[in-house]
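These notes are about the structure you will find just below.
Taken together, the values in this text are just the output of simple stated rules run on the coordinates, not laboratory data. Note that the structure is predicted; figures quoted are calculated from it, not measured. So basically every Cβ, Gly included, is an ideal-geometry build from the backbone, and we count neighbours across all protein chains shown.
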Amino acid sequence: MKRILLSGAFGTAVLVAGLLFSQPTVMKTRTTVWADEGGVCSLARVAGNYGFTLSGTLITPTGGVPVAGVGLATISEAGNFSGTENRSVGGGVAQETLGGTISVNSDCTGTLTAPVFESGQLVRTSVFSVVFDDNAKELRAIQTSLVLPNGTSVPNVITAEGRKIGLAAE
């Protein structure tokens, strides 16, 4: 068998030309992928303590405002959750308390609804679309709704990631 080696600028040009002018091959496949390849999800399976981060942008009439946060949350087998977070919105930092409900589907997707409080006062209600993966040890989420206490909806692009952590029972 004879090997032909092309080197230098000429070889690169031949390779690029071959890629540009060759007929593409299209393969169609269909795969069903579950959010968590480990099997069926349930509240009992995802229950536990999570460390999480969130980041994104609030969209205001004057432009985007950066958002970031870090916190701890506990999900119960009954579909409740509670937690705390330190967050920054446009550089203003606050400590917040979270509580609310979570639903989990058998495919490891779900919805989390979180009233958020600062110093005991409701500051917003957030709704997240969530997915659990890595055998329900991790969660990923995107905020689908942010509503202020006066009913104003705030457009946003905010995502969150969390990891189950082992906290000793108190």
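Just a few scattered comments:
- Principal axis analysis of the Cα atoms in region 43-165 yields extents of 42, 26, 25 Å, listed in decreasing size.
- Look at Leu146, Leu139, Leu122 and count the other Cβ atoms within 10 Å of each Cβ; fewest to most, that gives Leu122, Leu146, Leu139.
- Label point distance in nm, Ile165-Thr144, each placed 7 Å from Cα along Cα→Cβ: 2.8 nm
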